[in-house]
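The values are calculated or read from the model by the stated rules, or taken from the named source; none is laboratory data. These numbers come from a predicted model, not from an experiment. Every residue, glycine among them, receives a Cβ derived from its backbone with ideal geometry; neighbour counts consider all protein chains shown.
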Amino acid sequence: MTWFEAILIAIIEGLTEFLPVSSTAHMIFLSSIFGIQDESFVKLYQVSIQFGAILSVVWLYRHLFFDFSSFDFYKKIILATVPALILGKLFDDKIDAILEKPLPIAIVLVLGGIVMLFVHNLWTKPHILSTKSITYKQAITIGIWQCLAMMPGTSRSAASIIGGLSLGFDKKTASEFSFFLAVPTMFAVTCYSLFLKSWEISSEQTQKGFMMLSQNQELLAMFLVGNFIAFLVSVFAIKFMMNLLQQFGFKIWGWYRIILGICLILYFYLR
């Protein structure tokens with residue numbers, strides 16, 4: 001992977017992590033077009049730069065993350081994270097296998113877009129207007145919804161937002177809780193990828209992520225710069241999404257997913 005490719009992938013991650021369009025799908029498609037998706041470092045990089053993206057949530061909502069007067073906020077997002085951590089560990093190998101096949105991911109992108117076209121009109125009478133009103137049971141339920149994103153192309157953000165809407169959250173509350181839920185989820189995924197998961201670097205050798213970085217200064221530099229870029233771009237993307245959400249709802253993202261998915265299906269099918 002070149003520096004240009006690393007920077008572009010980090011920008012894409014920052015732009016799409018908190019939009020209901022699947023950041024994983026975007027990074028995989030871009031890496032596949034570059035011809036680098038089979039590289040172990042690229043797969044590690046795609047997962048680990050999500051850490052930079054989640055730091056943008058902590059920064060933008062620091063008044064909540066650093067309010068230690070009550071631990072309800074922390075308990076809710078941690079409980080909501082548990083289902084994804086359990087299923088993610090159980091299906092890790094199967095998820096990796098899907099990540100190597102862009103065409104099924106493009107199809108899921110389209111199907112998810114169709115769902116989002118109708119979500120806007122399904123739940124029109126929200127009664128939960130603040131993240132502080134979310135109960136523990138509702139938090140866990142959204143965590144279960146988030147597990148749908150185990151299928152690459154679904155979008156963690158889309159799954160958790162739809163879960164919130166189904167429980168009576170308004171659009172702003174559902175989106176914000178999805179942002180908060182990303183923090184422990186992506187932090188755990190990043191730590192697992194760096195310190196626990198073994199990456200195949202040859203047909204006969206595997207290596208932990210942190211070892212891969214510590215033994216190559218250029219890869220380490222790409223990792224650090226990629227996280228920094230993802231952080232900066234995500235700050236902009238979150239504000240951008242909230243503005244569009246208030247104006248257009250979720251239909252705009254549904255059409256975007258459908259159009260992009262069809263274009264990618266044609267690209268990967270015809271090439």
On the given criteria, is TRP59 surrounded by fewer than 24 Cβ atoms within 10 Å (Cβ to Cβ) and within 28 Å of GLN205 (Cβ to Cβ)? no
For region 118-140, which residues satisfy the criterion of being surrounded by fewer than 17 Cβ atoms within 10 Å (Cβ to Cβ), modelled with pLDDT of 85 or more and outside any helix (DSSP H, G or I)? PRO126, HIS127, LEU129, SER130, THR135
Is there any pair with a first residue in region 123-148 that is of a type in the set (A, V, I, L, M) and a second that is surrounded by 17 or more Cβ atoms within 10 Å (Cβ to Cβ) and at pLDDT below 85 whose Cβ atoms are under 7 Å apart and which are 6 or more apart or on different chains, and what are they? LEU148/THR154
How many residues does region 217-268 hold that are small (Gly, Ala, Ser) and farther than 30 Å from ILE107 by Cβ? 1
For region 24-69, what are the residues that are farther than 16 Å from VAL189 by Cβ and outside any helix (DSSP H, G or I)? GLY35, ILE36, GLN37, ASP38, GLU39, TYR61, PHE66, ASP67, PHE68, SER69
Could you figure out which of (1) buried (at least 23 other Cβ atoms within 10 Å of the Cβ); (2) aromatic (Phe, Trp, Tyr); (3) over 16 Å from TRP145 (Cα atoms) isn't true of PHE180? (3)
Selection within region 200-229 - of a type in the set (Asp, Glu) and at pLDDT below 85: GLU200, GLU204
Would it be correct to say that ILE54 is at pLDDT 90 or above, more than 27 Å from GLN246 (Cα to Cα), within 12 Å of the chain's Cα centre (by Cα) and not basic (Lys, Arg)? no
How do the helices (runs of 4 or more DSSP H) wholly within region 187-271 filter down when requiring 3 or more residues that are exposed (fewer than 15 other Cβ atoms within 10 Å of the Cβ): which remain? 217-248, 251-270
Taking only region 141-158 into account, find how many residues are in a helix (DSSP H, G or I), touching a Ser or Thr at 6+ places or on another chain (Cβ under 9 Å) and either modelled with pLDDT of 90 or more or over 18 Å from GLY249 (Cα atoms) (or both). 7
Name the residues in region 230-249 that are closer than 30 Å to LEU103 by Cβ, modelled with pLDDT under 80 and either over 20 Å from the mean Cα position of the chain (by Cα) or aromatic (Phe, Trp, Tyr) (or both), would you? PHE248
Which condition does ILE201 not pass, out of (1) over 24 Å from ILE12 (Cβ atoms); (2) free of Cβ contacts under 8 Å to residues at least 40 places away in the same chain, if it passes all the others? (2)
Could you tell me which of the residues GLY88, GLY113 is assigned to a helix (DSSP H, G or I), of a type outside the set (A, V, I, L, M, F, W, C), at pLDDT 85 or above and within 19 Å of the chain's Cα centre (by Cα)? GLY113
